[in-house]
Amino acid sequence: MLRISKLYFLIIGFFTIIFLINGCENNYPDSLWDPNYKAKPDPQISNVQPEQNAFAGIDEITIIGQNFSTVIEENLVYFDGVPADIISASATELVVKAPNVVSDSILVQVSVQGAVLFGEYFPYPLQSAISAVGDFDKNDDAYAIEYNPTDSSLYLSLLQDNKGDGNKIVRVSPDGERHDYSKTLLDKASAMRFGPDGSLFYVNLLNVLCRVPPGGEESRNPAQIFSILPGAVFDLDFDSNDNIFCGGSGKTIYRVKSDDGANVTIQATYDSITIRAVRVYDGYLYVTGKFSGNNPAIPAQAIWRNEITSADGDLGPNEVYYNWETGSYPNSDITTITFSSDGYAYIGTNGAEVIVILHPDGSTEPLYPGVLSPQTYYLTWSDGIFLYANRRSTDKAILKINVLKEGAPYYGRQ
């Protein structure tokens, strides 16, 4: 009887399970797959232009292929997984701004909405337009910089180096090695220029122009006071007749003869304007500064210029070349200025627009936005297409920037 009871319950249990399985309603959702759906053709990349020498974060890149969408928003472009901003789109070309990815073997991918697979291109190179000079770090307190074409070296004034040694000028050779060049008088140099005899002239906020004879202390030539000026100066530059122009908080442009430090004259007066930078270009002396007076006709900050009217460095009247306050960057201060050979002013600032390019027609644009970081203390051009910048901020560095054009002459250099 016990065996019959067990068999009975097994049979009842079996039929109960069958009943439950057959009686349950199927509550699964409808399939998301549309059997009638037809995907778009997958994008294909046949070439990427330019094939080389494109700058990461700066240049426009053209991706050539097929099956792209003519609607920009339906395309996605990646460089090693980093999205690129798409500028224009057609069925066979996508123009993008290169993201800031530096490598010689980047995977470029294109995805099109409605297509299944990526289009891919590999390898593609992007190079950096900016490199650090030497082994300088946050413990190197650098100020003025100057390039010497005779030895292809960069010279820096250090209030203190990363080993605690202070008040000196160092030479950075083309291989990036630093060499002590000279001790500086009066702590540091706010500006430096090589003169026609190979001497290095510098100033530092005070009313003194200093000179390091050729070779510096490497040739047993220590720094010396070359000229005592009537007022304090921050910057200097040479003209084509070897006159030295100096300007600063003395609110005056002084001319010093490079062969006679005692021959000093006042060539222009900038009342209530603290001068920050001076630069000679194409027969004019350009002057940047801030006005502290009450005359509404004078810009609070501007680039002025004076025509150089004689071989003795006589100057014409002050004229406003560019009103910084009414331009696109009124919330930053000009720290330095230089010129390219074709007449574009490169203006260093302490603002987010680290270097601003002022076009001859008066329009402006930032140099390499999103790639350079603040702030610029001083600029000087090499004898080629590289612009050197001293970045003084929490992330200090001496930068070598490829701007793809040469600088205007620095007349003091040999």
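The values are calculated or read from the model by the stated rules, or taken from the named source; none is laboratory data. On a predicted model such as this, the values are computed, not experimentally measured, just so you know. For neighbour counting, all protein chains shown are included, and Cβ atoms are generated from backbone atoms with ideal geometry for every residue, glycine included. Only protein heavy atoms, including side chains, enter the accessible area calculation; ligands, DNA and RNA are left aside. Shrake-Rupley method; radii C 1.70, N 1.55, O 1.52, S 1.80 Å.
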Among the residues of the stretch 360-370 satisfying the criterion of being modelled with pLDDT of 95 or more and in a loop (DSSP other than H, G, I, E, B), which is least open to solvent (accessible area, probe 1.4 Å)?
LEU367
For the stretch 65-78, give me the residue count where each residue is surrounded by 15 or more Cβ atoms within 10 Å (Cβ to Cβ) and under 13 Å from GLU120 (Cα atoms).
6
Can TYR346 be described as open to solvent by 50 Å² or more (accessible area, probe 1.4 Å), of a type in the set (Phe, Trp, Tyr) and closer than 20 Å to VAL278 by Cβ?
no
How do the pairs read when you match residues in the stretch 184-210 that are part of a loop (DSSP other than H, G, I, E, B) with residues anywhere that are surrounded by fewer than 18 Cβ atoms within 10 Å (Cβ to Cβ) and of a type in the set (Gly, Ala, Ser), using Cβ under 8 Å and keeping only pairs 6 or more apart or on different chains?
ASP187/GLY166; GLY198/GLY215; LEU205/SER249; ASN207/GLY231
Could you list, in sequence order, all residues of the stretch 79-94 that are open to solvent by 40 Å² or more (accessible area, probe 1.4 Å) and either among the acidic types (Asp, Glu) or out of contact with any Ser or Thr (no Cβ under 8 Å at 6 or more places or on another chain) (or both)?
ASP80, GLY81, VAL82, PRO83, ASP85, ILE87, SER88, THR92, GLU93
Please count how many residues of the stretch 294-343 are open to solvent by 30 Å² or more (accessible area, probe 1.4 Å) and in a loop (DSSP other than H, G, I, E, B).
21
Take THR62 and tell me if it is open to solvent by less than 50 Å² (accessible area, probe 1.4 Å) and at pLDDT 95 or above.
yes
Considering only residues of the stretch 152-165 that are open to solvent by 30 Å² or more (accessible area, probe 1.4 Å) and at pLDDT 95 or above, which is farthest from the chain's Cα centre (by Cα)?
LEU159
Residues of the stretch 166-178 satisfying the condition of being under 13 Å from PRO222 (Cα atoms) and surrounded by fewer than 19 Cβ atoms within 10 Å (Cβ to Cβ):
ASN167
Taking into account only those residues within the stretch 252-287 that are among the charged types (D, E, K, R) and either farther than 19 Å from MET192 by Cα or more than 33 Å from the chain's Cα centre (by Cα) (or both), which is least open to solvent (accessible area, probe 1.4 Å)?
LYS257
If VAL95 passes every condition in (1) more than 21 Å from GLY370 (Cβ to Cβ); (2) part of a strand (DSSP E or B) but one, which one does it miss?
(1)
Residue ID - nearest to ASP239 (Cα to Cα), chosen from residues in the stretch 394-411 that are out of contact with any Ser or Thr (no Cβ under 6 Å at 6 or more places or on another chain) and open to solvent by 80 Å² or more (accessible area, probe 1.4 Å):
LEU404
When you go through TYR378, TYR410 one by one, which is the residue that is modelled with pLDDT of 95 or more, touching a Phe, Trp or Tyr at 6+ places or on another chain (Cβ under 8 Å), among the hydroxyl-bearing types (Ser, Thr, Tyr) and in a loop (DSSP other than H, G, I, E, B)?
TYR410
Condition check: under 19 Å from ILE58 (Cβ atoms) and crowded, with 21+ Cβ neighbours inside 10 Å. Does THR376 satisfy that?
yes
Which of the residues spanning the stretch 179-198 are touching a strand residue (DSSP E or B) at 6+ places or on another chain (Cβ under 9 Å) and surrounded by fewer than 20 Cβ atoms within 10 Å (Cβ to Cβ)?
HIS179, ASP180, LYS183, LEU185, LEU186, ASP187, PRO196, GLY198
Note on ILE357: of the conditions (1) assigned to a loop (DSSP other than H, G, I, E, B); (2) β-branched (Val, Ile, Thr); (3) at pLDDT 95 or above, unmet is (1)
